[in-house]
Amino acid sequence: MSREEFEELNEVAVAPKKKMTLDKFLQQFNTLDTNNYGSWPLSVKITCWLFIIIFVLAAGYFLAIKGKMDDIANANAQEQNLLNEFREKDSKLRNLQQYQIQLQEMEARFNQQLEQLPKETEIPGLVEDINLTGVNSGLKFKNIRLEPEVKQEFFIEQPIAIDATGDYHSFGAFVSGIAGLSRIVTLHDFEIIASDSKDDKSDIPKVDYSLKAKTYRYVGNSDAAAAGAEGAQENQAASAGGAN
């Protein structure tokens with residue numbers, strides 16, 4: 001007999017044996033005595049205990065462990081949400097602090113500029129300072145006078161008309177002196193005309209200057225109230241005129 005024939009016969013002999021063993025194992029469950037556990041076969045006892053252990057583990061997982069795991073997952077999600085919220089608020093707080101610092105710097109610069117604006121009672125003194133600056137620069141003033149105020153939304157513009165005579169160097173020194181005043185003064189509307197007058201002491205030609213210097217007053221609460229009252233009076237007068 002060849003080796004292949006022997007292996008085929010061996011497989012045929014073993015297969016019914018395995019089938020009979022499985023059938024015998026299943027038949028043991030049909031012949032169990034529920035009142036006498038000790039008489040059960042060992043294989044049946046082991047199988048029952050395995051099923052009991054699996055059932056207990058599954059019940060414990062679904063009744064206790066799964067609920068705790070869900071709670072842990074929810075707590076982790078809530079922790080992440082709170083962390084994101086904290087980061088967002090922390091970022092807003094940092095931006096707010098930077099904004100407050102910038103606001104304080106702007107207020108400081110604004111107050112510093114307000115200090116450079118003359119009050120209404122200081123306008124005559126400012127005109128004297130402009131006149132003195134021109135004289136010290138070598139200019140000869142023909143005329144310097146206040147013109148009517150121009151009211152803007154947040155400030156009042158005070159024009160000052162200036163007519164003077166002098167050379168270019170004197171005028172340059174005058175402009176530099178105006179820029180160095182403690183109050184804010186701007187120069188506008190320049191008109192320069194060659195002067196007919198001559199200075200025997202100098203060969204530098206003289207020039208007639210006509211310009212406007214402007215200074216500004218901040219519209220505070222009192223000024224705003226006065227401007228509002230004046231506007232109301234003008235409206236009432238216009239209404240009365242229309243009624244007549």
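Residue-wise test of (1) in a strand (DSSP E or B); (2) under 15 Å from Val185 (Cβ atoms); (3) touching a Gly at 6+ places or on another chain (Cβ under 6 Å); (4) not aliphatic (A, V, I, L, M).
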position	(1), (2), (3), (4)
Gln104	no, no, no, yes
Glu107	no, no, no, yes
Gly125	no, yes, no, yes
Ile162	yes, yes, no, no
Gly172	no, no, no, yes
Inset, instruction - Output the number of residues of segment 173-198 satisfying the condition of being within 45 Å of the chain's Cα centre (by Cα) and of a type outside the set (Phe, Trp, Tyr). - result: 15
Legend entry - Tally, over segment 139-155, of residues that are surrounded by 15 or more Cβ atoms within 10 Å (Cβ to Cβ) and part of a loop (DSSP other than H, G, I, E, B): 1
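Looking at this structure, is Val56 modelled with pLDDT of 85 or more, assigned to a helix (DSSP H, G or I) and farther than 30 Å from Ile184 by Cβ?
Values: modelled with pLDDT of 85 or more: yes; assigned to a helix (DSSP H, G or I): yes; farther than 30 Å from Ile184 by Cβ: yes.
Taking the combined requirement at face value, the residue satisfies it.
So, Ser182, is that one hydroxyl-bearing (Ser, Thr, Tyr), modelled with pLDDT of 65 or more and out of contact with any strand residue (DSSP E or B) (no Cβ under 8 Å at 6 or more places or on another chain) or not?
On the way: hydroxyl-bearing (Ser, Thr, Tyr): yes; modelled with pLDDT of 65 or more: yes; out of contact with any strand residue (DSSP E or B) (no Cβ under 8 Å at 6 or more places or on another chain): yes.
Here the answer is yes, as Ser182 does meet what is asked.
Being acidic (Asp, Glu) and at pLDDT below 90 is the filter here; which residues of segment 117-148 pass it?
Initial filter on segment 117-148 (acidic (Asp, Glu)): 120, 122, 128-129, 147.
Glu120, Glu122, listed by residue number.
Please go through segment 156-174 and pick out each residue that is of a type outside the set (D, E, K, R) and surrounded by 15 or more Cβ atoms within 10 Å (Cβ to Cβ).
Step one: of segment 156-174, the residues of a type outside the set (D, E, K, R) are 156, 158-162, 164-166, 168-174.
Hits for segment 156-174 are Ile156, Gln158, Pro159, Ile160, Ile162, Ala164, Thr165, Gly166, Ser170, Phe171, Ala173, Phe174.
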Inset, instruction - Examine segment 118-128 for a residue that is out of contact with any Phe, Trp or Tyr (no Cβ under 8 Å at 6 or more places or on another chain), surrounded by 13 or more Cβ atoms within 10 Å (Cβ to Cβ) and within 30 Å of Ala194 (Cα to Cα), and state whether such a residue exists. - result: yes
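The values are calculated or read from the model by the stated rules, or taken from the named source; none is laboratory data. The structure presented is a predicted model; accordingly, all values stated were derived computationally and were not measured. Cβ atoms come from the backbone with ideal geometry, glycine included; neighbour counts cover every protein chain shown.
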